[in-house]
Amino acid sequence: MPADRAEQRTARSGRTLFLWALIALSLATIALGAWALQTRDAAPPAQILGVSRAMGTDFTLQATDGSQVSLSDLRGKVVLLNFWATWCPPCKAEMPDLEALYRKYGKAHDFVVVGVNLQEDQGIVEKFARQAGLSFPILLDTDGKVSGQAYAVRSLPMSMIIDRDGYIRDAWTGQLSSAEMLGRLEQVW
């Protein structure tokens, strides 16, 4: 009988040790995941994009006015590149803020907002831009190569600030207030 009790205690202590090890491993995994999320959100945008200092990928797209616009043509200016669509409520909601920033600070800071529309019909985009009173360039990414391949846009709106030398200095997904966008722009001006 005493041998049975010793075996039972050993088995119990083994299970207890295993249970505690499993709990410790689970807590470590949760802590590591929380740390990764926190550092991802706090990391410089270029690191989020996977490199230490990312140059904005050059592209040429047709604007709604029929002109061709290349990112490289805007070198020397600060560019707020905004990927959007008319079917996206947050995209539409932030357009007045983007327009206000462009009108108020564009000339004073040699700054331009560039809206890149994702694969919508030109007529729909032109109508929206006219109704919204947008004066900044609206480009048509008709085949999705710029948004999907060059910039890996996965959700809308997605925006980034490109400095005068062509480097991505900030990037975010989702709608920001005008004050939040201005604060980010001031870091680059």
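Just so it is clear, none of the values below were taken in a lab; they were calculated from the coordinates. All figures in this text were calculated on a predicted structure; none of them were measured in a lab. FYI the Cβ positions are ideal-geometry reconstructions off the backbone, even for glycines, and counts take in every protein chain you see.
I want to confirm something. Restricting to the stretch 117-144 and keeping residues that are free of Cβ contacts under 8 Å to residues at least 12 places away in the same chain and assigned to a helix (DSSP H, G or I), which single residue is farthest from Tyr102 (Cα to Cα)?
Kept after step one, since they are free of Cβ contacts under 8 Å to residues at least 12 places away in the same chain, are these residues of the stretch 117-144: 121, 123, 127, 130-131.
Pick out the ones that are also assigned to a helix (DSSP H, G or I) and you get 123, 127, 130-131.
Values: Gly123: 23, Lys127: 20, Arg130: 16, Gln131: 17 Å.
For the stretch 117-144, the residue satisfying everything is Gly123.
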Selection within the stretch 150-181 - more than 15 Å from Leu80 (Cβ to Cβ), exposed (fewer than 13 other Cβ atoms within 10 Å of the Cβ) and either under 10 Å from the mean Cα position of the chain (by Cα) or of a type outside the set (D, E, K, R) (or both) = Ala152, Arg154, Ser155
May I ask you to list the residues in the stretch 145-161 that are in a loop (DSSP other than H, G, I, E, B), closer than 15 Å to Phe59 by Cα and of a type in the set (A, V, I, L, M)?
-> Ala152, Val153
